[in-house]
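J.: One structure follows; several queries about it will come next.
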């Protein structure tokens, strides 16, 4: 309707005005020649004139509506653009705030571990496979300040173990997480520091957990107890792997193993820190 009025409104308005002028002229010419004709002309011209005036007012109203409508559309588009900019600014501010908080926590952690050489990297992509738990980082062997290597340990700003680098490119690397079915990390548990292994389990991976097994003799497992890295291989000692979620048995109840819940929330990770070097504790 709006487009129709825009297209044909001028023609309609001109026609209405022309009719009004013709009627007005006819009334003027006829006036005074005959009382009957004058009366008829007056009877006709009065409602027609009113109709013409109403039509003109209607046309003016329609054009006013169109003009205001276009103004409102332009204003609405401008407000939408401003809102989008404000929302993006708020998102950016939130991301900067979160990153600053992570870096502050990392500084606190680094103060306690001055022998660690660490570098931050952003997660760019998660594996889409149900058979593994891996993600890709934004840095590799060429664009990292401190050269990454396969086997490097990946942590959060709190020092919670996230996983290990398993594949390396010039500008990217792939990290295997602590719940991946192929993970294998030396572990310490309990006040006595019982030695064991945290290993991946496909069934537990689907639940977001991993298995604590191959425990030293007489090791005791308590739900809620922290499980730490033992310092085997390229992973430093004392990082938090997770906490014992439950204690189960296998082999007719002869062997205990723990189900471990990771200390890091894998689902919320956006930025991690790669330990590229550290002092091996004797």
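J.: Neighbouring Cβ atoms within 10 Å as the yardstick, rank 136, 211, 232 fewest first. Don't skip to the answer; put the middle values down first.
T.: Values: 136 18, 211 21, 232 14.
The most exposed by this proxy come first: 232, 136, 211.
J.: Now a separate question. Only counting other Cβ atoms within 10 Å, I'd like 172, 131, 126 sorted with the fewest neighbours first.
T.: Values: 172 19, 131 10, 126 14.
So the ranking, lowest neighbour count to highest, is 131, 126, 172.
J.: So, one more: Compute the whole-percent fraction of alpha carbon pairs in region 115-282 spaced more than 24 Å apart. Spell out each step's value before the answer.
T.: Values: 4620 of 14028 pairs.
Looking at region 115-282, the distances longer than 24 Å represent 33 percent of pairs.
J.: Taking Cα pairs under 8 Å and at least six residues apart, what relative contact order does region 115-282 come out at, in percent?
T.: Values: 433 pairs, mean separation 42.6, N = 168.
In percent, rounded to a whole number, it is 25.
J.: For the modelled label position 7 Å from the Cα of residue 247 along Cα-to-Cβ, which residues of region 210-236 have backbone nitrogen atoms closer than 15 Å?
T.: Output list for this probe position: 212-227.
J.: Between residue 149 and residue 218, what is the spin-label point distance in nm, taking each point 7 Å from the Cα along the Cα→C-beta axis?
T.: With each label point 7 Å from Cα toward Cβ, the separation is 3.8 nm.
J.: Here is a further query. Once fully extended, how much extra length lies between residue 280 and residue 115, figured as 0.36 nm per residue of separation less the alpha-carbon to alpha-carbon distance?
T.: Numbers: separation 165, 0.36 × 165 = 59.40 nm, distance 0.92 nm.
Here the segment from residue 280 to residue 115 would lengthen by 58.5 nm.
J.: Could you line up 268, 249 from fewest to most neighbouring Cβ atoms inside 10 Å? Intermediate results must be reported in sequence, preceding the final value.
T.: Numbers: 268 7, 249 10.
In order of increasing Cβ crowding within 10 Å: 268, 249.
Bear in mind that the values in this text are calculations on the coordinates, not laboratory data. These numbers come from a predicted model, not from an experiment. Counting neighbours? That spans all protein chains shown, and the Cβs are built from the backbone with ideal geometry, glycine included.
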